[in-house]
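Working notes, structure below.
The values are calculated or read from the model by the stated rules, or taken from the named source; none is laboratory data. In this text the structure is predicted, and so the values were computed from the model without any measurement. When we count neighbours, we look across all protein chains shown, and the Cβ atoms used for this are built from the backbone with ideal geometry, even at glycine.
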Amino acid sequence: MKSENLGQLTYSFFIDYLAVQKGLRPASIKSYRDTIRLFLKFVSEATRRKITHLSIRDLTFERVKGFLHYLESDRKNHIRTRNHRLAILHTFFGYIAMRIPEMLAISEQVAGIPMKRVHPPETSFLEREDISALFARLPSKGLYALRDRTLLLFLYNTGARVQEVADLRIGNLDLDGSRVRLHGKGDKWRTCPLWQETVTLLKTLIQQNPIKALPENAIFLSQNRTPLTRFGIYKIVRRHTDSLPRSKKTSNQWHISPHVFRHTAAVHLLESGVEVNVIRNWLGHVSLDTTNHYAEITTRMKEAALRVCEPKINSSQGSPKRIAWREDQALLSWLDSL
């Protein structure tokens, strides 16, 4: 076996293969890092050797299986998390085999470990009544009242992923044109229209932010004047929704995360009669394996769709007529994948 040590191999995996060859974004690389770190720590404890003393020979098929069992039994990881970490190990061992052919047999064994089946959970989203109640309860005064209201409305307006919001910069906004460019998965950009209320709040927030309104600066800041992280956004959402009373139609499960706002945006667009392909493009979730022919969705179409479902937070006007979609299992499965 080649003398290349594990440290050199791991370094080149992250710096050369993931960052340069695959062009992964920092958030994705961080996910790889967390899994590989956990795996190497597990191997270190199993061999009773320091991580710095591990070699390629210590990365065996049996230890990979032991690691997966450890994730579920000791760390109580969900099957989705277990499958995600296994996918990362598939990639890692595939790279090792490319660099060290003697590891090919073990790499093939690891690649043969199947993903566990996951039963799709109930799609979590907020009813329109929940959204109205949420914004009615938000504080109007306080150091972070404006930031939090703007953040929550932006999540609902755009259906953006939490990482897309964390990455948002002032230069991504076109407030005169009432739109925003979001940097999504696969290094793809998309444009989403904004409600006038969202535009107004964003303008006020940027004016009041303690840092200069430069294109490269973040919009949503922490108390330390640094960009809000994914975890910071999650905490803000939980802070304002944990005590939110449920509407009668809402699921018994009441765990509201930023991703629930993404589901909510999709559901409310659907219930307003917006065509599914428009929503796919809106959320940056266009599936390539569908049998439909997807035309390029223009911003004008998105703006028309946006006007249909703009919330009447301060109005007594009733909600738009709902459409019967909730028994469509294919549609529910798609919503679960958003």
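All of ILE206, ILE233 fail the test of being at pLDDT 95 or above, surrounded by 15 or more Cβ atoms within 10 Å (Cβ to Cβ), closer than 21 Å to PHE125 by Cα and β-branched (Val, Ile, Thr), apart from ILE233. Going through ALA136, ALA105, ALA111, ALA97 one at a time, which residue ends up being closer than 28 Å to GLN223 by Cα and among the small types (Gly, Ala, Ser)? None of the other options fit; the residue is ALA136. For ASP187, the conditions (1) at pLDDT below 95; (2) over 15 Å from the mean Cα position of the chain (by Cα) all hold with the exception of (2). State yes or no: is ASN172 of a type in the set (S, T, N, Q) and either closer than 24 Å to ALA27 by Cα or modelled with pLDDT of 95 or more (or both)? Answer is yes for this residue. Please verify whether GLU216 is over 25 Å from PHE135 (Cβ atoms) and modelled with pLDDT of 95 or more, treating the condition exactly as stated. It is true that GLU216 is over 25 Å from PHE135 (Cβ atoms) and modelled with pLDDT of 95 or more. Figure legend. Inter-residue proximity from the stretch 223-240: first residues at positive phi, second residues at pLDDT below 95, beta-carbon distance below 9 Å, spacing 6+ or different chains. Indicated pairs: ARG225/ASN209; ARG225/PRO210; ARG225/ILE211.
The residue of the stretch 87-109 that is farthest from GLN8 (Cα to Cα), among those that are surrounded by 18 or more Cβ atoms within 10 Å (Cβ to Cβ) and in contact (Cβ under 8 Å) with a residue 60 or more places away in the chain, is MET103. Restricted to the stretch 142-225, the set of helices (runs of 4 or more DSSP H) holding at least 3 residues that are out of contact with any helix residue (DSSP H, G or I) (no Cβ under 8 Å at 6 or more places or on another chain) comprises 196-208.
Only residues that are within 24 Å of GLU102 (Cα to Cα) and not in a helix (DSSP H, G or I) were counted in the stretch 24-49, giving 1.
What do you reckon, is ILE131 more than 20 Å from the chain's Cα centre (by Cα), loosely packed, with under 15 Cβ neighbours inside 10 Å and touching a residue at least 12 places away in the same chain (Cβ under 8 Å)? No.
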